[in-house]
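Structure record follows, encoded as C-alpha cells.
The values are calculated or read from the model by the stated rules, or taken from the named source; none is laboratory data. Since the model is a prediction, treat every value here as computed from it, not as a measurement. No Cβ is skipped: glycine too gets one built from the backbone with ideal geometry, and neighbour counts run over all protein chains shown.
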Amino acid sequence: MNHHSSICGMEIQSVPESDQKELAQLIHNRLLLNQLPADPGLSSRLAIYLSLLDTWNSRLDLTAVLDPEEAVDRHFIDSLSVLSTGLTDHAIRIADIGTGAGFPGLVLAMACPEKQFTLLDAQQKRLAFLKTVCDATNTRNVTLLHLRAEDGGRSPELRDTFDLAVARAVAPLNVLCELVLPFVKPGGFMIAWKGPALSQEYEDGVYAAEKLGAQVKDALPCPVAGRDWDHRLLPIHKLRSTPSAYPRRSGLPKVSPLRQNHP
Ligand code: SAM
C-alpha cells in the first residue's frame, strides 16, 4: 500500500511499500545501535514519517538533510536521545515549542504512546504536514497548535500546565527560556537541545532562566553512534510560576532578548 497525502488540494503519493520496509529496517538498526527502544511498530511508523518528510520537503522546506541515514540520525535518533536521560520518565503532559516538522515532539510521541504531546508552531503549513503524519501513522496522543509561543504562553489553558516542555533549534537560550518556560508547571522541566553554540549563549541563558523563576542544570551529552556531533541536552528546572510580565508580546523576546546588563 502507498500512503497518500494532500497539500493545497494536490494529491501527493509517497514511496512504495518495499522502500518503506527498507527504511524501517534502517531505522530499526539505528535504534538498536543507539540503545533506544527498537520496537518494530515504531520503526514502521517512523519509516512512513520519513517518506512523507521526503515527499513534502520540496514544497515546505522541512529539512536540509536529504540522505536517509543522516535524516534518521539527525531527526529521529537525536529526538529520542532524551529517553536515555530519565528526564522524560515521569512527565505525562509534554509540549514541543517550535516543533517545525515534528522534532523532537512527534518522534517522542510515537515512541511514548502513554504520554500526551502538544506540538506548537507559528507556521500553519508545518502543522498540516504534522497532521498528515499523525493520520498516516495512527498517532493519537498528539494535539497540534498553530500559535506563536508568546501567545500560547499567555493562554490560561496552556500556561504553567506542562510537566515538561522541549525545544530544538528554535532560538538562542535566553530567547528560548522566555518562549518555553511559561508553558511548564512549577516543579517541571524544560529541555533545550543545543549544539556547540551553547557556550556563547550560556550566561545570558542562565540570567533569563533565573529572571523567569527557573534554574539551569548541568548539560547532558547526547551522542549519536558513529557521528561526532556536539549535541547536548540542557535541562532547566522551573521553580516558580512565570512572572506575569512574561512572555512579552509577540516578537519582543527575539528583538529585545533578556540579557545580563540589559534587563
Ligand atoms: N524544532 C524543529 C527541529 O528541530 O527541526 C524545527 C526547528 S525550525 C529551525 C524553528 C521552528 O520554530 C520553525 O518551525 C518556526 O516556525 C518555529 N518558531 C520560531 N519562533 C516561534 C515562535 N515564537 N512561536 C512559535 N513557533 C516558532
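Filtering the stretch 72-89 to residues that are farther than 15 Å from HIS231 by Cα and at pLDDT below 95 leaves GLY86, LEU87.
GLY205 meets the conditions (1) in a helix (DSSP H, G or I); (2) in contact with a Lys or Arg (Cβ under 8 Å, 6 or more places away or on another chain); (3) of a type in the set (Gly, Ala, Ser) in every case but one. The failed one is (2). Scanning the stretch 211-226 for residues that are in contact with an Asp or Glu (Cβ under 9 Å, 6 or more places away or on another chain) and in a strand (DSSP E or B), we see that the one that is surrounded by the fewest Cβ atoms within 10 Å (Cβ to Cβ) is PRO221. Pairs are defined by a Cβ separation below 6 Å, a sequence spacing of at least 6 or placement on different chains, a first member in the stretch 146-167 that is on the phi < 0 side of the Ramachandran plot, and a second member that is surrounded by fewer than 18 Cβ atoms within 10 Å (Cβ to Cβ) and part of a helix (DSSP H, G or I); the pairs so defined are HIS146/GLN124. When SER199 is tested against (1) within 23 Å of PRO257 (Cβ to Cβ); (2) at pLDDT 95 or above; (3) away from the ligand (no atom under 13 Å from the Cβ), only condition (2) is not met. The residues listed here are GLY98, GLY86, GLY105; of these, the one that is small (Gly, Ala, Ser), within 14 Å of the ligand (Cβ to nearest atom) and on the phi > 0 side of the Ramachandran plot is GLY98. Might you let me know whether the stretch 175-190 holds any residue that is touching a strand residue (DSSP E or B) at 6+ places or on another chain (Cβ under 7 Å), over 14 Å from PRO247 (Cα atoms) and within 11 Å of the ligand (Cβ to nearest atom)? No, because not a single residue in the stretch 175-190 is touching a strand residue (DSSP E or B) at 6+ places or on another chain (Cβ under 7 Å), over 14 Å from PRO247 (Cα atoms) and within 11 Å of the ligand (Cβ to nearest atom).
Among the residues of the stretch 123-133, at least one is farther than 13 Å from ALA165 by Cβ and away from the ligand (no atom under 14 Å from the Cβ).
Every residue, every condition in (1) surrounded by 22 or more Cβ atoms within 10 Å (Cβ to Cβ); (2) closer than 19 Å to ALA219 by Cβ; (3) basic (Lys, Arg), yes or no:
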| site | (1), (2), (3) |
| --- | --- |
| LEU106 | yes, no, no |
| PRO113 | no, no, no |
| LYS125 | no, no, yes |
| THR161 | no, no, no |
| PRO186 | no, no, no |
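Residues that are over 14 Å from the mean Cα position of the chain (by Cα) and in contact (Cβ under 8 Å) with a residue 60 or more places away in the chain within the stretch 94-132 comprise LYS125, ALA128, PHE129, THR132, listed in sequence order.
When the residues of the stretch 227-248 are narrowed to those that are touching a Gly at 6+ places or on another chain (Cβ under 7 Å) and more than 18 Å from PRO156 (Cβ to Cβ), which ends up surrounded by the most Cβ atoms within 10 Å (Cβ to Cβ)? Applying the filter and picking the extreme gives HIS231.
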